[in-house]
């Protein structure tokens, strides 16, 4: 590393950018984080339940990124906190403690699942408690299949944690074989789809649907994603925590610690160009015309914004361009407060009755689900056992949708129809909601505006096919001193993965600076 304090620019104050900023600042770098939105957080955002925003297909209501700053701020981005070891290690390196910074409660009830008014299944943090629930729901053979499935999911995770998740570049399947070994490569089940592999463990189609849903955690279809994504089941079973005050507290914590170590965070600072000198990234230019020089730059934005030229022509070829057809899922989401007599858990999933049709609609026909959609509900006021205080509670509803807002946006009538089907399906399943106000709707068009050049994709590239996970951009780009972080880069989508990407980018950057100095 140079003897002088290196100047590092980070563009984007999402989880990846904030994590990288903290890691670099505590190592003595002069860190400036530039965020074009009014607040930090990126996809980890809040909107106010109670704003009464419009529900017309063209209007998104209150969809500003970051803290709601209004009545009843409600998580409207990531809602699940897992892999806490990532943050334990990050904060320990920074001389802090996760338990001292946040109040976390381990979830006893991981999620409630329902298919109609009578078919309901809870999964728990304890594997035997879940197996007993599955046995009562679908029979002892399915419970045995569940135990075998959990063992396979853990082996996949153990095989990939060090050689893939903790590696700064995704590499290739052949490189993974060299790092992990042939036996582990065969164990990760990369050559079969998730849906097909689930048939070896579950005969009950409802259970295949339940565990196939893990593919959607990184924006993919269970019919196209590799069985490797079973590992998500292990990650969730290994521990889900509820963050007191909501998930946005995680972003606030990272920002607070980064600034405590000397980092500067500037919001409403829109970078329009990343400039080069002798082929290296050396400065950024803001929309105001201000130029900021740097020894290295980390871009915490979707790489699609880079290849679309939103940061200037000099860096547009820094990573391969992602085809629109390879994008992950987008979503239609609603935020509101309501009373309900239905026993919601903190996380509840109401499944649609034709799963295959749902993903064909989205990925083949690029339209909103035309049948009864699968609906995810986060009841933010429910505790780790699914108990809620009396009165109206904050609710976040999500239905998967295509990410084609820039090429073939969903017609307003189609969004309205999907919304009607969504709430009718909830009623048929016994989820009777009485909203206090008009739900605040956010759709692919608004996500495309919040996260430019994505078409509304929320997870970067879909993980479809054996090699898709290896095609995500890694920390390094083709341009020296320009690095990437965020959920659209390696190692993948989700809060802990985005944090890992930030740590990997910071580590790669510091190694390069040290190498140059030597």
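Only the coordinates and a few stated rules stand behind these numbers; no lab work does. All values derive from a computational prediction rather than experimental measurement. Cβ atoms come from the backbone with ideal geometry, glycine included; neighbour counts cover every protein chain shown.
Observations on the structure shown:
- DSSP beta bridge pairing in the chain, given as percent antiparallel to the nearest 5: 70
- Calculated diffusion of the chain, Stokes-Einstein form, Kirkwood radius summed over Cα pairs, 20 °C and 1.002 mPa s, µm²/s: 92
- Shape category assigned to the range 88-135 from the gyration tensor of Cα positions, a/c cut at 1.5: prolate
- Under 16 Å from the residue 314 label point (7 Å along Cα→beta-carbon), backbone N, the range 260-282: 271-282
- Rough spin-label spacing in nm, given labels placed 7 Å along Cα→Cβ, for residue 408 and residue 99: 5.3
- Gain in span if fully extended, residue 467 to residue 517, counting 0.36 nm per residue against the direct Cα distance: 14.4 nm
- Computed from the Cβ-Cβ distance with R0 of 30 Å, the FRET efficiency linking residue 203 to residue 370 stands at 0.60.
- Of interest is the spacing of the C-alpha centroids, which for the range 300-378 and the range 86-125 amounts to 22 Å.
- Using R0 = 22 Å, the C-beta based FRET efficiency linking residue 148 and residue 196 works out to 0.90.
- Expected 222 nm ellipticity per residue - DSSP helices of 4 or more, -39500 (n - 2.57), all of the chain, to 500: -9500 deg cm²/dmol
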